[in-house]
1. Classify the stretch 223-272 from the C-alpha gyration tensor, please: rounded if a/c falls under 1.5, else prolate or oblate depending on whether a/b exceeds b/c.
2. At 1.4 Å probe size, with every protein chain present, just tell me what the per residue accessible area of the stretch 70-206 comes to in Å².
3. Using the Karplus equation 6.51 cos²θ - 1.76 cosθ + 1.60 (θ = phi - 60°), what ³J(HN,Hα) coupling, rounded to whole Hz, does each residue of the stretch 187-196 give in order, writing x for Gly and Pro?
4. At a 1.4 Å probe radius, carbon and sulfur cover how many percent of the accessible area of the stretch 221-304?
5. Taking a quarter of the surface of the Cα convex hull of the stretch 206-315, what do you get in nm²?
6. Given C-alpha coordinates of the stretch 296-358, what is the ratio Rg to Rh with the Kirkwood estimate of Rh?
7. So which of K146/K279; K303/K360; K303/K490; K263/K303; K303/K358; K355/K442 end up more than 26 Å apart by C-alpha?
8. Hey, can you rank 356-363, 273-280 by average C-beta count inside 10 Å, highest first?
Amino acid sequence: MTEQDNLENSTPSDGAENQDLNQDQTQDKNSDYFKSENDPTKIHINKNPGEIISGTVAFLKSVVSLRDGTYDVKGVLENVREGIVFSGYNVWILMFSIIIASVGLNVDSDAVIIGAMLISPLMGPIRGIGFGVGVNDFGLLISSLKNFGITVGISLFTSILYFSVTPIHDLTANIFARTEPTFLDVIIAFAGGMAGVIAQSKKKADTVIPGVAIATALMPPLCTAGYGIANGEWSYFLGAIYLFILNSILIAASTYIFIRYLKFPKKEYVDPKVEKRVKGYTLAFVIIVVAPSIYMFYRMTKKSIFEQNAVTFIEQVVLPTNDNIVVEPHYYYDGKDSKITLDVSNYYADETVVKSWKSKLDDFDLEGVQLTIKQGIDIHSTISEALENYDSSQRGANTLASLLSESNNKVVELQKKLDYLKGHPEPKPDPLQMDHLLAGFKVDYPEYKKVLINRNFELNKKNQIDTVYALTVEFNSNIAEENKPAINSKISRRFKLELSQKLNVKQDSIPVFDVAKQ
């Protein structure tokens, strides 16, 4: 009898018996799984110190190690090659995302900017550069650089076009924030790039890449650069494009470091001459790109350390001098020519105190830093000096009389103000917060020696009174003449932003007058 006959002659009861048999076997396996002869309450502790250390190290390596041998190198590289190509739909997606980001910057909307960053496909060519260098694939590197240039060109063109036609030209906080890179931007770009390449290597980029795109914020600086060109603000353009390039380099560098850590195989060339030439070109590219980045990173790090040391110096040396002392600091970092300027009020620091402060600069790694103290005259010391010289010189009498007269005039002036306030209601708080604004100008623009805010009144065409604002500035003597227009333009935009946000004053431009040219 054949096997087919056996199957045809089998009865349903035979099938039921076989099914029952399979169920019994499954139940036996399940029961075996839920039975254990081990006692989990007994914990073996190794008493050998060497084995404890080696075991702990091995455990930590197993937890943090990424070399688990599950990487599809070929698949990862193919995915990278697909991501760097910009043509067709990728170009249109990039253009629309740039427009969305530009609108978000224009109206100062964080939600719109974040949405644009989620859409943007900018990361592909940047990671391709890191992969190209890491696996010695010169063709991939060249293709990535070409497409990187295309993305930058398209992005700048689109943002320039938008900011040229939009009727809104106000400088918003989001635009201003992208004009100067900080040390935190460096950390975010490197960490974001590392997270992105890990996710892509594990083919889990769908959940990570959007977050990396938001964190590294590549699009807003590009849009800000377009804003700078469209409005003739070249300092904004340079600061924003510098931030974008710095972020791009750090993302590519983190990609290179990771794939070399994983020991991805390098591409080899059959012809030794070609191999040598490829390595030479790749090395030259790395030096040209990385060397300036290392310098910029070093300088940014030194500036952050300098400012932190200066803050610690003020907190531990200057402020404890007197309970009533008020200090407004200004920092200017320029290597060996760095400066700290302190505007001191509610206390007079005499020569002995200032010398004491300067002598402690070295304790806070501020060697060679110039400390300048700005404060009023010490009226008590001047009166004492005048009294000492009273008998021997007419100068003492004149000085004392002058000080007493000045003091009396101030008392009379204060009394007049007091009488006026008694008959008039207390004025409303100044929403512009002039004291805070001027203090901010001193910190943000150390190139100025003095900044004055002028408020003028004029009759418009409707015979209504308009308030017109202007700035009068005095530069420090070390500021080159050719750099002054860019600095003036920057503070003008900043003050225009403050007026718009705090007073809802829409003034087309804020004139800036240089005292030296008047």
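The values are calculated or read from the model by the stated rules, or taken from the named source; none is laboratory data. Computed from a prediction, not measured in an experiment: that's the story for all the values here. Neighbour counts are summed over all protein chains in view; Cβ atoms, including those assigned to glycine, are modelled from backbone coordinates with ideal geometry. Protein only, heavy atoms only, side chains kept; ligands, DNA and RNA dropped before computing areas. Shrake-Rupley method; radii C 1.70, N 1.55, O 1.52, S 1.80 Å.
1. Note, shape of the stretch 223-272 comes out prolate.
2. 42
3. 5, 5, 4, 5, 5, x, x, 5, 4, x
4. Carbon and sulfur: 70 percent of the exposed surface of the stretch 221-304.
5. The orientation-averaged projected area of the Cα hull of the stretch 206-315 comes to 11.8 nm².
6. 1.03
7. From K146/K279; K303/K360; K303/K490; K263/K303; K303/K358; K355/K442, over 26 Å: K263/K303.
8. The most tightly packed comes first, giving 356-363, 273-280.
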